[in-house]
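Data first, discussion second: the structure below is written as C-alpha cells.
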Amino acid sequence: MHNSKLIGAACLAFVLYHGAAAQQNPARGRDSAGVRSLDSVILNGYRQAPSFLPDLDGVDLFAGKRTSLLVLDPSQGNLSQGVVRSLFAKVPGLTTWDMDGAGTQINIGFRGTDAHRSIEMNMRQNGYNTNSDIFGYPEDHYTPPLQGVQQVQIVRGSAALQYGSQFGGMLNYIMKQGDTTRPVSLYSEQTLGSHNLFNSFNSAGGKSGRWRYYAYYDNRHGDGWRPNSAFEYHALYADVAYQLNDRGQIHVQFSRMDYRQQIAGGLTDAQFAADPRLSLRSRNYFSPEINIPALILTYGLSARTRLQVTAHSLLGQRNSVQFLRTADIPDTVNRQTGTYNPRQVDRDYYRAFTTEARLLHTYRIGGLASTLSGGLRYFDEITRRRQQGVGSTGADFDLALVAPYGIDLRFHTRNYAAFAENLLQVTPRFSVTPGVRFEVIRTNLTGVISQATLPVNYLGRRSFPLFGTGLQYQLSGSTQLYGNLSQAYRPYLYANVTPADQLGRIDPNMKDSRGYDIDLGYRGELGRAFRFDLNLFQVYYGNRVGQLSLRDANNREYLYTTNVGDAMTRGLEAYGAVSLPALLHWHAAGFDLRMYNSLALNHGRYLSGEINKGGTNISLDHHYLEGTPTWIERAGLTYQYQTFSTTLQYSYVGRSFSDANNTLFSATGATGLVPAYQVWDLSAGWKIRGRYQVSGGINNLADARYFSRRINMYPGPGILPADGRTCYISLGITI
C-alpha cells in the first residue's frame, strides 16, 4: 500500500494503557463470578460523567480503541424527539441527518461514511444487532425511545474486529433496568410540543427474589414542522431476568417498533429558497415494523473466565407508497384519467437469526494480568424485496397493487465469524492488544428485475481475515495515550444492485470495499475540573461505492451507483469539558457551571477514480467525499444548581457535497452543494422531591432555515429541509 510507511510509523508511535481488573457497567447487569453488580448512583457535584469506555466491560474489550460513552440527560437535549445533534453533541465528528422532528430514525456516520439510517454502522441494543439486514441492506429501521436508554456506547472503525467488518464503527444502546430496591416501580412521562406533538412514555420495573424486570411502552404522534409530515410511532420493550446463582443470569427480552409517517417530499433549490416549509407531496407514506426477541445468558465459569451467549431474531418489514418523481414534477391530477397518477409501492420482509458466543478470560504473565476476549458468530438472514409495484391513485396509506412489482427478489445470506483480541499487559502501564477476525459470507440472490433482460441468479462466496492491533500507555493515574490500527471490509450491498427509483442506475460490475482505520489519541482528566480526548485518525476506503451525477443521451439527469474510487479521510477529533467552579476552586454546594467543546476536522478526498462525461474522462482525484463536512463544531454551556440544570448548545456543520463528482447545482435538487449551517438548542430539566421531573426546551432556537441532506430516493428526491424553531415540555412522575 502506498502509505504503508505511515501505517508502520503510526503503529510504533501508538501507546496505550490497560487496567488489569475488569470494570463493570451496572446498566448491563453482567455480574462477575461471585460478584454482584451494584445499582447506579447519581451524584450532584463537580465530577463529570466518563466520556469514554473502560478497558473491559462485561465480555467486551475496549482497550486501545477510540470510544465514546454517553449518559442521556433530558436537561441536555430533547429525548422525546431524539434530537441527535444535541444529545450526541459530545461525540466529535458525528455526522447526522436532520430531516424532521418525529424522532423515528437515528441517522449517524463518522469519518466520511454515509449517515443515511446509520447504514455503515454496526447498530446494537444490549449487544445484539438491530440493522435490518447486516450484509444485504444494513439500514437501521429500528429506533428505541431514548427515554428507555441508560447509556450509548460508540466505538469507531476499530470495532470491525469484535463486531463486524463495517467502516463506520459500532453503536450499542444499553437499555435501562428496573429498580432493584422494590418489587414494583412505575414511571410515566408525558410530552407536549409544537405542531401537535404528543409523546407518552410509560415504564415499570422492579425486583422480587431472583427475578428482575423492566418494560416500557411509548407512543408518539404529531403533524410535523412541514405540511404532510404527520406521524404515529409505537415502541415497546420488555426484559425479564432470572438470577440462576451467584455466577450467572439469563435475560429474555423483546423489542418492537413500528410507525407510519407521511413524507413531505424533496424540494429544488428554488423551492427551498422561496419557502423551506413547502411540501408538494401529500400522498407519500413510509411504514416499517421491527420485532426483536432475544435471549442472553451470562455465566462466570470461574473467577477468571466469563461466558456470554446471545441469540436473537429480527422479524420485520419496510413498506412505502410514494409518488417518486423529482421535485420539479408536480403530483397533480392527470387530465386524461381525471385521477392522480399511480404511486410506487415498495416492500421488504426481513427474517434473521443470529447467535453469538463471547468468552473473556483473565490470566497472568509475570505477575501482570492480561485478558483474552474471543467469540464465534452465526448469522442467517432472508430478505424478500418487492419494489416498483404500481399502486393506487388514492391519497391514503394503501399498499394495494394494480400492476405487479417490477423488482421481485429473494436475498439469502449466511455468515460465520470467529474473532479474538488479546490484551497483553507488557508493563503495569503499557499494554498491546493484537486481534484477528475471520469472516465467511455466503450470499444468494434470485428473482427478477424488470430492467434486466434475464432473471437474476447470483451466488457469492467470500472468506477473508481482518487484523488489527491496539496499544495503550498510562501516563498518569488519570491520563493515557492510545492507538489502534484495524482493517475493515464491506461487501457491496443488495441495495446497490437494485435501483428503486427513477433516477438510479447501477454498475453491474461492482466490487467489494476494503480498507483500514488508524487512531492515535490522548485522553483522560486533569484534576476534577477538566476532561479531554484528542485524537488523530486516518481511514482508507478502497473501492468506495458512491453515486455519480450523469446525463443520458436525451440529456436527462440520472445517478449512477458504482465503485467511485479509492478514498481517504484524515482528521482531528477533539473533546474537552471543564467545570468552572472546580477550576477556580469555588465551593458552592450543589452548584456547577460546565462548558464543553466537541470539534472535528475531516479532510475527506478521493485518491482515484474517474467519470466519463460527454465523451471525456474526468478524474475524481482530490474530489470531496460525499456527505463529509470539513468542519463540525458543537459546544455547550450547562448551569446546574441542586436538581435544576439547563444547557445552551451550539452546532456548526460545514458545507459538503451530495455526489462524488461534487456537483454544485442540479435543477431537481437531488444533487448539489449542501451549504454550511449553524443551530442553537436550549434545554432544561428539574427533579423535584425525587419523584417528579420537569424538562423542556427549544429546538433550533434561532429558527435557522437549513438542510443537511439531498437525496435521490426515499424520502425525496431533492432537498430535505430540517425543522425550524420548535418547543416542547415534559412532565414525569415516579411511583
Is segment 180-191 home to any residue that is at pLDDT below 95 and open to solvent by less than 50 Å² (accessible area, probe 1.4 Å)? yes
Residues of segment 545-604 being assigned to a strand (DSSP E or B), out of contact with any Leu (no Cβ under 6 Å at 6 or more places or on another chain) and hydrophobic (A, V, I, L, M, F, W, C), which ones? Val545, Leu548, Leu550, Val564, Ala577, Val578, Phe591, Leu599, Ala600
Which residue is nearest to Arg710 (Cα to Cα), if the candidates are limited to segment 101-119 and must be assigned to a loop (DSSP other than H, G, I, E, B) and of a type in the set (Ser, Thr, Tyr)? Thr113
Go through the residues of segment 619-635 one by one and say whether even a single one is in a strand (DSSP E or B) and under 17 Å from Leu593 (Cα atoms). yes
Count of segment 120-148 residues which are in a strand (DSSP E or B), under 27 Å from Glu189 (Cα atoms) and touching a helix residue (DSSP H, G or I) at 6+ places or on another chain (Cβ under 8 Å): 1
Matching residues, segment 306-339, being open to solvent by 70 Å² or more (accessible area, probe 1.4 Å) and in contact with a Ser or Thr (Cβ under 7 Å, 6 or more places away or on another chain): Asp328, Val333
Scanning segment 469-479 residue by residue, those closer than 16 Å to Leu61 by Cβ and open to solvent by less than 10 Å² (accessible area, probe 1.4 Å) turn out to be Gly470, Gln472
Quick check on my filter: what residues within segment 687-707 are open to solvent by 40 Å² or more (accessible area, probe 1.4 Å), free of Cβ contacts under 8 Å to residues at least 60 places away in the same chain and over 15 Å from Tyr650 (Cβ atoms)? Lys687, Ile688, Arg689, Gly690, Arg691, Tyr692, Val694
If you go through segment 508-529 one residue at a time, do you hit one that is β-branched (Val, Ile, Thr), part of a strand (DSSP E or B), at pLDDT 90 or above and open to solvent by 30 Å² or more (accessible area, probe 1.4 Å)? no
If Arg710 meets every condition in (1) under 23 Å from Glu189 (Cα atoms); (2) surrounded by 24 or more Cβ atoms within 10 Å (Cβ to Cβ); (3) among the basic types (Lys, Arg) apart from one, which number is that one? (1)
Out of everything in segment 111-166 that is closer than 23 Å to Gly468 by Cβ and of a type in the set (Asp, Glu), what residue ends up being most open to solvent (accessible area, probe 1.4 Å)? Asp114
Considering only segment 219-231, how many residues are touching a residue at least 40 places away in the same chain (Cβ under 8 Å) and either farther than 29 Å from Pro276 by Cβ or of a type in the set (S, T, N, Q) (or both)? 2
Within segment 227-237, the count of residues that are open to solvent by less than 40 Å² (accessible area, probe 1.4 Å) and touching a Phe, Trp or Tyr at 6+ places or on another chain (Cβ under 8 Å) comes to 4
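Here is a yes/no grid of residues against (1) of a type outside the set (Gly, Ala, Ser); (2) within 24 Å of Ser51 (Cα to Cα); (3) modelled with pLDDT under 95:
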| site | (1), (2), (3) |
| --- | --- |
| Ile611 | yes, no, yes |
| Gly614 | no, no, yes |
| Ser656 | no, no, no |
| Ala667 | no, no, yes |
| Thr671 | yes, no, yes |
On the basis of being modelled with pLDDT under 95 and surrounded by 19 or more Cβ atoms within 10 Å (Cβ to Cβ), does Gly224 make the cut? no
Please verify whether Gly460 is buried (at least 16 other Cβ atoms within 10 Å of the Cβ) and outside any loop (DSSP other than H, G, I, E, B), treating the condition exactly as stated. no
Kindly indicate whether Ala303 is open to solvent by 50 Å² or more (accessible area, probe 1.4 Å), closer than 30 Å to Leu56 by Cα and assigned to a loop (DSSP other than H, G, I, E, B). yes
Pairing a residue in segment 193-212 that is polar (S, T, N, Q) with any residue that is open to solvent by less than 30 Å² (accessible area, probe 1.4 Å) and at pLDDT below 95, where Cβ atoms lie under 6 Å and the two sit 6 or more apart in sequence or on different chains, gives Asn199/Ser80
Considering only strands (runs of 3 or more DSSP E) wholly within segment 657-717, the ones with at least 2 residues that are under 19 Å from Asn107 (Cα atoms) are 677-688, 707-711
Going through (1) surrounded by 20 or more Cβ atoms within 10 Å (Cβ to Cβ); (2) more than 21 Å from Ala241 (Cα to Cα); (3) in contact with a Gly (Cβ under 7 Å, 6 or more places away or on another chain) one by one, Asn172 fails only at (2)
Output the qualifying pairs, or none if there are none: Cβ atoms under 8 angstrom, residues six or more apart or on different chains, first residue in segment 232-260 and under 17 Å from Tyr214 (Cα atoms), second residue open to solvent by 60 Å² or more (accessible area, probe 1.4 Å) and outside any strand (DSSP E or B). Tyr242/Arg210; Gln243/Arg210; Ile250/Leu244
Of all residues being of a type in the set (Val, Ile, Thr) and modelled with pLDDT of 95 or more in segment 340-380, which is surrounded by the fewest Cβ atoms within 10 Å (Cβ to Cβ)? Just the residue, please. Thr355
Taking only pairs six or more apart or across chains, which ones have beta-carbon atoms under 6 Å, a first residue in segment 401-427 that is more than 29 Å from Asn484 (Cα to Cα), and a second residue that is not in a strand (DSSP E or B)? Gly406/Ser450; Ile407/Thr498; Phe411/Gly136; Phe411/Tyr494; Thr413/Phe135; Thr413/Gly136
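The values are calculated or read from the model by the stated rules, or taken from the named source; none is laboratory data. Since the model is a prediction, treat every value here as computed from it, not as a measurement. All Cβ positions, even for glycine, are placed from backbone atoms using ideal geometry, and neighbour counts span all protein chains on display. Heads up: the accessible areas ignore ligands, DNA and RNA and are worked out on the full protein's heavy atoms, side chains in. Shrake-Rupley method; radii C 1.70, N 1.55, O 1.52, S 1.80 Å.
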